[in-house]
Structures are given as structure tokens and as C-alpha cells.
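Report on the structure given below.
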Amino acid sequence: MTGIPSKIHSYNVYDDNHSGRLYGTGEECTLPDFEALSETLSGAGILGELDDPAPGHFGNMQMEIPFRLLDGEAVDLVDPTSAARLTLRGAQQVLTAEGDTEFRSMRVVVRGKCATLKTGTVKAAAAMGSGVTLNLSYIKIEVNDEELVELDKLNSVFKLHGKDVLQKVREMI
């Protein structure tokens with residue numbers, strides 16, 4: 001499907017370890033940044049300095065999951081002995097060249113351990129603003145069933161559009 005990407009129409013977060021759909025999540029989840037680890041090269045044959053990234057190596061990646069209230073769903077993600085396994089499913093809204101609105105699926109699968117449990121505030125007739133921040137060891141992002149990116153830090157897998165960027169590296173070591 002081609003068109004002009006517009007917005008996330010709707011989404012849900014699912015806990016693959018426990019209850020299924022997380023009903024207490026807040027209005028927006030913050031997905032991680034992919035910040036490449038690199039070394040600065042300088043010397044003969046290079047004008048000045050050049051940062052050279054190591055393919056597949058990224059800094060710590062965090063995902064924030066907000067909760068309206070501090071409850072069991074949030075606390076289930078805090079267990080330091082078990083990686084949280086979450087799937088975020090969404091519908092992306094797209095405008096066609098004719099001005100029609102169409103939808104495409106989005107799926108984000110993550111695994112990680114709790115870095116922060118934000119307990120929030122207590123105020124009458126208000127949400128608490130609780131949340132959990134995960135340090136991710138795995139992320140896969142798909143749109144319309146097309147794999148865009150997959151990073152598995154513990155198994156040396158880094159794929160872009162389904163192409164395994166590190167396959168040759170794994171064969172060498």
C-alpha cells in the first residue's frame with residue numbers, strides 16, 4: 001500500500017508472559033532509539049575524523065510503558081528473573097492519492113527487563129501516571145506483515161527488511 005502516512009489510529013499492548021492484553025496502559029508508549037555504537041577513525045587517508053558504526057551494535061535501548069494506575073499489570077513487568085515479553089499491535093492510518101483513508105497493520109515485539117518502576121502520584125479523581133521502563137534485548141518492528149527491523153542482542157541477529165546483516169559475522173565466529 002502506498003500513500004501518505006498520517007497517524008497511529010489505535011493500538012493495544014499485550015503481555016505475552018501473563019494476562020494477554022494490558023488494559024491499564026496509558027495513552028502513549030515510547031519506543032526505543034537505535035543509537036549505533038561507533039569508533040572514531042582518524043589518521044592517514046582520512047581527512048579529520050570519521051565515526052564508523054559497528055553494524056548491529058547499539059547502545060542500551062529502553063521502552064517506556066505508561067500505566068494509568070499502579071496495579072498488578074505494571075508490577076508483573078518488574079520481575080528481575082524473567083524478561084518481559086510484550087507485543088504492541090496498532091493500526092496506522094494512511095491517506096491515498098485520491099484522499100481516501102486506508103489502514104495498515106503495525107506490530108512491535110519486544111523482550112527486556114525492568115529498568116525503572118515509576119509508581120506515580122496519588123490525587124483524587126486523577127490517573128497516577130505510573131509506568132515501567134524496560135531495557136530491551138530484543139525488538140522486531142513489522143508494518144503490513146513486512147519485517148522492517150529485527151534486533152536480537154543476545155543472539156547476534158540484526159535484520160533490515162528481512163536481510164540478515166550479521167549472517168556472515170556469525171558464520172566466522
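Among the numbered criteria (1) open to solvent by 70 Å² or more (accessible area, probe 1.4 Å); (2) on the phi < 0 side of the Ramachandran plot; (3) touching an Asp or Glu at 6+ places or on another chain (Cβ under 9 Å), which one does residue 141 miss?
(1)
Anything in segment 2-48 that is open to solvent by 100 Å² or more (accessible area, probe 1.4 Å) and acidic (Asp, Glu)? List them, or say none.
Answer for segment 2-48, where residues must be open to solvent by 100 Å² or more (accessible area, probe 1.4 Å) and acidic (Asp, Glu): 27, 28, 33, 35, 39.
Residues 3, 48: which one is over 21 Å from residue 111 (Cβ atoms) and either modelled with pLDDT under 95 or among the aliphatic types (A, V, I, L, M) (or both)?
3
So which of 116, 101, 81 is surrounded by fewer than 18 Cβ atoms within 10 Å (Cβ to Cβ), under 21 Å from residue 28 (Cα atoms) and not charged (D, E, K, R)?
116
The values are calculated or read from the model by the stated rules, or taken from the named source; none is laboratory data. Being a predicted model, the structure only gives us computed values, none of them experimental. Backbone-built Cβ (ideal geometry, glycine too); neighbour counts: all protein chains shown. Quick note on the areas: whole protein, heavy atoms, side chains included, nothing else; ligands and nucleic acids left out. Shrake-Rupley method; radii C 1.70, N 1.55, O 1.52, S 1.80 Å.
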